[in-house]
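Just so you know, all these numbers are worked out from the coordinates, no wet-lab data involved. Computed from a predicted structure; not experimentally measured. Positions of Cβ are backbone-derived with ideal geometry, glycine not excepted, and every protein chain shown enters the neighbour counts.
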Amino acid sequence: MTTVNQLGSFGDTSGSSLMFRNKLINGGFDVWQRGTTQTLGGYGSDDRWFNGNSGSTKTASQQTFTLGQTDVSGNPRFFSRTIASSVAGASNYVLKSQKIESVATLAGQVATLSFWAKANAVKNIAVEFVQNFGTGGSPSSSVDSIGVTTVALTTTWQRYTVTVTVPNISGKTLGTSNDDNLQVIWWFEAGSTFNARTNSLGQQSGTFDIANVQLEAGPVATPFEQRPVGMELALCQRYFQLRTTSNSLDCMAFGNSTPANNARLLFPTPVAFRSTPNIVTTGTYSFRSGGDTVINSYSVLTSDNCSVLVIGNATTLANGLAGTLISTAASGTIAFSAEL
């Protein structure tokens with residue numbers, strides 16, 4: 001069962017008993033740890049949002065509402081923009097999605113997705129739900145094409161709702177990697193390979209803007225949940241944390257054990273990661289505390305306080321030594337990702 005309609009303005013529910021009903025994280029697009037624009041597919045700009053494309057190209061970016069605007073209720077600060085440039089190809093697409101931790105989310109229930117959106121011309125997009133049972137072991141196959149709905153956008157901001165019955169997962173098998181999820185996808189353009197999943201949306205170029213996205217239990221869309229920005233950031237940091245510096249990062253070193261010339265650097269984190277994170281660095285770093293130095297090569301050992309093993313010349317490091325990780329780059333970064 002799916003329905004779609006347009007709704008008027010909704011108020012702020014901060015501090016009310018309706019808090020924590022939104023299953024999506026960063027639905028107001030307030031958190032952008034990685035940057036404010038991306039052209040590559042994957043995670044690269046707005047936190048928790050996967051901006052995908054294949055064959056066709058796109059630019060996803062942060063946009064700022066004019067202060068005091070009344071087109072979108074609740075005084076949001078930012079919205080997401082996707083500019084799709086279509087290239088003919090049956091398997092080509094441009095989409096935006098979020099994977100919600102646990103495939104049990106809303107399973108067997110009626111749920112409602114609401115969002116504000118507009119386009120540069122009258123254009124259709126498609127909304128789809130997917131149940132992913134994870135990886136590792138012998139998980140059940142993903143269930144896609146759930147609640148596939150065509151949404152007709154105009155050139156002005158309007159609020160849309162899609163109501164869907166999420167399938168029951170009784171009898172299904174989860175993977176062993178703890179990465180099962182419920183995924184919500186906005187298709188902006190899609191080749192014929194995806195006709196069944198997009199109501200034959202087809203290929204198109206265009207500019208697509210989305211704001212204040214919410215997924216909740218029940219057949220009715222309630223006002224957008226405006227959680228405090230600090231709380232939303234903490235929710236995002238369960239999946240991704242970025243350390244950026246023009247010259248230094250504070251950390252603690254634990255000296256040599258086995259093998260020789262190795263050291264562990266302990267990075268305290270504000271929240272625990274969902275799983276053991278991957279690590280990506282830019283720039284070259286050395287640990288400085290007095291004359292102690294280690295060079296740039298990392299592998300993650302733990303997922304909570306994120307102890308990072310640094311391979312290099314650390315023969316003089318002592319246990320429990322406080323110090324600073326110095327970047328030789330103009331702006332070095334250390335990124336920890338535990339995304340689904």
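Apply the Karplus parameterisation 6.51 cos²θ - 1.76 cosθ + 1.60, with θ equal to phi minus 60°, to every residue of segment 93-105 and state each ³J(HN,Hα) to the nearest whole Hz, in sequence, with x for glycine and proline.
6, 9, 8, 9, 8, 9, 9, 8, 4, 5, 5, 6, 4
Give me the distance in nm between label points sitting 7 Å out from Cα along the Cα-to-Cβ direction at Met231 and Gln69, one decimal.
My value for the distance between the label points is 2.5 nm.
Can you give the alpha-carbon Rg of segment 2-236 over 2.2 N^0.38 Å, where N counts its residues?
Its radius of gyration relative to the 2.2 N^0.38 Å reference: 0.97.
With 10 angstrom as the radius, rank Asp304, Asp209 by how many other C-beta atoms surround their C-beta, starting from the fewest.
Taking fewest neighbouring Cβ atoms as first place, the list is Asp304, Asp209.
Given a Förster radius of 45 Å and the C-beta distance between Thr150 and Thr333 as r, what FRET efficiency does 1/(1 + (r/R0)^6) yield to the nearest 0.05?
Computed FRET efficiency for Thr150 and Thr333 comes out at 0.65.
Give the long-range amide H neighbours of Ile100: residues separated by 5 or more places, or on another chain, with amide H under 5 Å away, using H modelled in the peptide plane at 1.01 Å from N.
Those qualifying (amide H under 5 Å, at least 5 residues apart or on another chain) are Leu182, Gln183, Val184.
Take Thr36 and Asn278, extend 7 Å from each Cα along the Cα→Cβ direction, and tell me the distance between the two endpoints in nm.
That separation, rounded to one decimal, is 2.7 nm.
If I stretch the segment between Arg21 and Val220 completely, what's the gain in nm (0.36 nm per residue apart, minus their alpha carbon distance), one decimal?
70.4 nm
Evaluate 2.2 N^0.38 Å with N set to the residue count of segment 131-231, then give the Cα radius of gyration divided by it.
1.30
Set the Förster radius R0 to 25 Å, insert the Cβ-Cβ distance between Ala121 and Val87 as r into 1/(1 + (r/R0)^6), and round the FRET efficiency to 0.05.
That pair, Ala121 with Val87, gives E of 0.85.
Using 0.36 nm times the number of residues separating Asn305 and Ser192, minus their current alpha carbon distance, what extension gain do you get?
36.1 nm is the gain from fully extending Asn305 to Ser192.
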